[in-house]
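Please read the structure below before turning to the comments.
Derivation of every value follows stated rules applied to the coordinates shown; laboratory data play no part. Just so you know, these numbers come straight off a predicted model, no measurement behind them. FYI the Cβ positions are ideal-geometry reconstructions off the backbone, even for glycines, and counts take in every protein chain you see.
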Amino acid sequence: MQKQGTVLRWDATRGFGFLRSGDTGVDVFFHARDLQGLPEPRPGLAVVYEEIHVGGKGPRAMAVRAAHGPFQAGGGPQLMARRGPRPPSPASDPPSRADPGRAPPRQTHQRGPAGGAGAQARAAASPPARRRTPSRGARSENHGVAYSWMVAWLALVAWGVWTQRISTGWLAALVAVNVVTFAVYASDKDAARSGGWRTSEQRLHLLAVLGGWPAAWWAQQWLRHKSSKASFRAVYWLTVAVHCAALAAVLVHQSGILLRF
């Protein structure tokens with residue numbers, strides 16, 4: 001059935017909008033493909049359309065076109081002349097004071113739903129926000145902390161070798177556990193990419209606390225593996241502290257028996 005109404009709002013980015021029915025005052029949905037000769041409907045524009053009802057979703061407008069001149073529904077008196085101008089709706093823009101049968105002048109600045117559609121169009125045209133990444137200063141600070149731990153650890157190991165509290169065999173085992181740690185990180189990185197069998201985080205932390213934490217840190221940086229997971233990083237630094245504290249406690253022991261084999 002052919003009816004007359006006015007455009008209530010129009011979303012240019014999504015390509016749909018709503019009409020305010022001149023008959024019942026009900027909002028009627030319409031899509032961009034339902035427009036006929038309307039490149040961009042503007043709020044307040046008087047239109048005529050065919051109203052249908054599909055699947056209990058409310059009325060929908062088809063064949064929407066601009067209303068040129070007075071319109072009569074069913075051969076009766078002119079609808080707009082009989083009803084007079086409709087009061088402005090709080091959810092819509094103020095109607096134009098011009099002839100309701102004519103399209104209002106083009107508005108440069110719109111507020112409400114129309115302004116929202118324009119803002120959405122501008123937002124869609126603008127480039128997406130760049131994802132925040134740690135600043136170079138923050139990364140340098142984190143590297144500085146890691147380097148400080150490594151220097152202190154190497155100094156502790158060197159002191160243990162010099163005082164003969166760390167045997168050659170234990171030193172070789174310490175080097176071996178670092179090589180194994182880096183290899184395990186690389187294998188877990190490949191498994192994460194290919195969907196293969198993963199290494200548990202508990203095993204990675206065990207290797208770190210046994211002395212492989214320097215290789216673990218380099219693997220995290222070079223392979224970009226486990227370097228951004230906050231919970232894993234927190235436990236990792238705990239293993240670093242535990243290992244260094246245990247090593248220092250053993251080395252200050254006069255006999256140094258625990259490090260000889």
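Just rank TYR49, TYR236, TYR147, fewest to most, by other beta-carbon atoms within 10 angstrom.
If I rank by nearby Cβ atoms, fewest first, I get TYR147, TYR236, TYR49.
Calculate the FRET efficiency for ARG193 and LYS229 from the Cβ-Cβ distance with a Förster distance of 25 Å, rounded to the nearest 0.05.
With R0 = 25 Å, the Cβ-Cβ based efficiency is 0.95.
Suppose the chain between CYS244 and TRP218 were pulled fully straight at 0.36 nm per residue; how much longer would it get relative to their current alpha carbon spacing?
7.6 nm
For SER167 and HIS68 in one chain, what is 0.36 nm times their gap in residues minus the Cα-Cα distance, to one decimal in nm?
Details: separation 99, 0.36 × 99 = 35.64 nm, distance 9.90 nm.
Between SER167 and HIS68, full extension yields an extra 25.7 nm.
Å³ per residue of the Cα convex hull, for the stretch 143-237?
With only Cα atoms used, the stretch 143-237 gives 93 Å³ per residue.
Evaluate the distance, in nm, between pseudo-label points positioned 7 Å from the Cα of VAL180 and of ALA12 along their respective Cα→Cβ axes.
Roughly 6.6 nm, to one decimal.
Just want the ordering: TRP170, TRP162, TRP217, from fewest to most Cβ atoms lying within 10 Å of their own Cβ.
Neighbour counts put them in this order, fewest first: TRP162, TRP170, TRP217.
Rounded to whole Hz and in sequence order, give me ³J(HN,Hα) for the stretch 32-43 from the Karplus expression 6.51 cos²θ - 1.76 cosθ + 1.60, θ = phi - 60°, writing x for Gly and Pro.
Running phi through 6.51 cos²θ - 1.76 cosθ + 1.60 with θ = phi - 60° gives 4, 6, 8, 7, 10, x, 10, x, 8, x, 10, x Hz.
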